[in-house]
Each structure stands twice: as C-alpha cells, then as structure tokens.
Amino acid sequence: MGLIDMLDAYFLKKMENKDKENGEKEKEERIGLTTLPMLAFKEIIGKLDFQSVQNIRATCKTLRKRTPYPHEKITSIQINIKSDCTAVFLHTSDKSYVMTVPQSENCWESLLLFDWDLIFHKRTTPLRKFSIWYNRYYDDPQFSFVYKFFRLILKSRPPLLVKNLFLSASDQDDVLSILQFCDSKHLKSIKLDGDIGANFDEDKVFHLNKLYDLEQWKNAEEFELWDVRDFAENDLNPDLAPFAHFLYLSIPWSEVQEDRGRRRG
Amino acid sequence: MSVENAPVVDVDEAAIPVEKKMYYRFESNDKKEFRVSELAIQQSETLNRLVEAMGYTSEDVENKPAIAIENIDGKTLKLVFQWCEHHKGEAIPVDDGSVPKIVEIPEFDAKLMDIDNGLLFKLIWAADYLNIVQLLNVSCKKVANMAQGKTPAQLRRVYLLPSDEEDEAAKRAAQEAQDPRAREVEEEFEERKRQGGNSFF
C-alpha cells in the first residue's frame, strides 16, 4: 500500500468516525443546496438560465466548485464596436445577454479576457457564431486594436471552436488575427465586411489571397464578402480556383460577380 | 410507535391487477410506520427492487417487521409516500438525453411541496436516495424556480448559504478543531496536490 493509499484510508476512516460521532442529527442539518447529491444538484442547475447559474456560482466557494460553468450554454458571441461604446452579446439558445462598456472606460477587453477562458474552458461544442462588427460611423483610426488584442488572446490558447465567423476588417491581417486560430474542423462559414477604416487610409489594400493557404479557408464551405475596399491587383482579376471548394459563394466585386450555391440552414 | 397510513386515492380498480393490491409496511428512522401499496412502490426503483428481492407474501407483509428505511425521517417519508400513492400507475420518465426535459409541476405536487426549504431539500435527498425519478424532477424544478432570477445576495438569504468569507472562516474553524497530527497530514497532502504531484515519492 502506497502512502497515498494510506492517506486515503486514513481520511476515509476519519470521515466514517466523524459521521458516527456526530450522528444522524448533524447529517440532517447538513442537507441543503451545498450538500445535495450531485445528481439532484445538476438537475437543479440544468433547469436554470445562464444568468441564474452565474448567480449561483457567485454565492459561495462551495457552490462555485459544484456548479459547472454555464458557458457551454453560450451559442454565439457578437462584439459590436460603436463610436461611443462596445457591446458584447452572449447568446444562449433561449436568451441573449449583453455586456455594454462605454468606450471611455476602455475595459471591455479585460472583461472579455477574463470570461474567455471560462467560456472556452473544456468546451467541446463549437459556437454557432463569432462576430466582430464595426459600426459604420466608427471614427477611431486605431480600429485594428481589437484584432491585435484577439491575436494576443488566441495565440496562446486552444483553437477557437466556431462554425460561422463574421468579421468587419480593414485588411487581411485583421482577418488572420482570428481566422488562423479557428478550429478548421468546425469552421463552416466565413463572412467578411472588408472596408472598415477606408476613410482613414484610402491607399490600404486588402490582400485576400493571403488567406488562401489556411486550412480554415480550405475546409470552409461558405464564403461571403461584403462591401470590399480596394483589393490587391491579383484579387481584382482573381483566379477562382481558391474559391472552387465553396458550396456557397458570394463575392460582389464589380469585375467578378460570383454567386453560387445555397447557404446551409 | 405511531402508524401513519399514506392517503389512499380513488383508483380504477379494474385497471389494477388483484395481486398488486398488497400493502407493504415501511419504517422511518424515527420509527414512524407507513403502509404503501405495491403499485405506489413501483415509482421508487430502489424500493421496488428491494420488495422484489424480499419476495414477501401477503402474510409476510403483516407478520414480519416493517422494512426499515434508515436514512429518512417520518416527516419526509410521509411526503414521499403521499406522492407515490398519488402518482401510482403513472409511467416513469426515462431521461436518455434524446429530448429536452420539460418539467411541469402538477397542482398536487405544488401543494405537497409547499413546505419549508429544509424539508424540501430532505424530500429531494429522499427522492434521489429512493430513485423516484419524477419526484426528483419536480422537486428540483421547485428549487430551480425559487432560484431563478435571484441575485447572489438573495440566494444566500433564501438558501442560508455562507459568503466566501464565512465559508473560509468555517473551514479554518473546522481545521483548528481537528487534532494537530491530522491537520499536519492534510496540509501536506493539499500542498502536494497544489504542486501537481500525484505521489509523495
């Protein structure tokens, strides 16, 4: 018998003795939310909505340990960046929760970073959608800071499990900050709004071809491009081979208009 | 020893086979005795298996001692058997995860569970222990309904939960009450766990 086994036996014996000493009275007194059998406790937690599970977790350490993370219930994350605030929407199957942070406080990144590991801790099912959407009137020339922040988060973490990716981006580097860290097995759809920040840097070019070699690009089934700004020259007269595998494709360029297929449900 | 008969509800006699009309006797840990119909017992997987294994005849049921249920008191057991009698003959739900579980609390159950939190948690504990699936479902639903939409502070008040500080203080007090050698071993054990070691060697 190893020392660990001896310790286990010691603690087991100690617990048994304690139960005997204290008798049934104490056992009855102990019955409560913190001491319910795990099956029953999970039944209760399973019947609560996202916010209520969060509140249960916030009551005390014991329930925090017992309560599974509710974040598996999150089906999509939507980050809307406006001129005056940033709204992070967390959608579950039945409700949406929004965390709105005024731009002046500039702290939503740290809040999301705090939640990120909770959301993706041991997550096995992909998010239905992850999106970063910029308000048209967003007037901060440092619009790419969000992507730089995400690159920092994602490069040191497991792949992002998501089925549908939607990004408002100024160039391929913005897109790469997210796309290359997505799990290519789960990613089905890529949608890009490619002209943010055009009023700040009219000469900036979007090199879409930098995405073609990514596994995430090759494995995706749908691609949609909205409101493109200037693309690199080879994209203006593109070789359509890199798009051949998409079951649904929409690239509204003036020179090449290609729409085919149907979206998945 | 008091005898409490679980209420008998009107049933369709023709629907119940004659051999199912046997009433078993159970005794709680505070020596309260209950008579429960065989059909009602079927709601509890644990008790159903127990009586099947015992193979009692009608005479045995009357002549042998009541079956002791050591872990449940009379007040709780009365509620359990009232529930089982009311729902006897009903299909037992199977939760295989294939369909979303939607639980509604019937009026009878709602009245039965109009009790203080302490007794409600004992009822849940008993439903789990006796493996009464639907009673567990509705009692957990009742607790969930009570918790829904409440702030952490409100939850602490409703369920008499300790705050993190109180939790820590209770843990420290419990540790201090232990004998020094046990505390020493436990602290070393926890330290090893923190360091990620699986073994002392």
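General remarks:
- The ranking of A:E221, B:E70, B:E52 from fewest to most other beta carbons within 10 Å of each one's beta carbon is B:E70, B:E52, A:E221.
- Ranked for footprinting exposure by Cβ neighbours inside 10 Å, fewest first, A:I44, A:I31 give A:I31, A:I44.
- Measuring between alpha carbons in the structure, the pairs from B:K122/B:K142; A:K73/A:K185; B:K32/B:K122 lying more than 19 angstrom apart are A:K73/A:K185.
- Remark: the range B:56-168 carries a charge dipole of roughly 360 debye about the Cα centre, counting +1 on each Lys and Arg Cβ and -1 on each Asp and Glu Cβ.
- Burial order of peptide ranges A:126-134, B:157-165 (average beta-carbon count within 10 Å, highest first): A:126-134, B:157-165
Throughout, read-outs are computed from the coordinates displayed, never taken from laboratory work. Given the structure is predicted, the values throughout are model-derived calculations rather than measurements. So basically every Cβ, Gly included, is an ideal-geometry build from the backbone, and we count neighbours across all protein chains shown.
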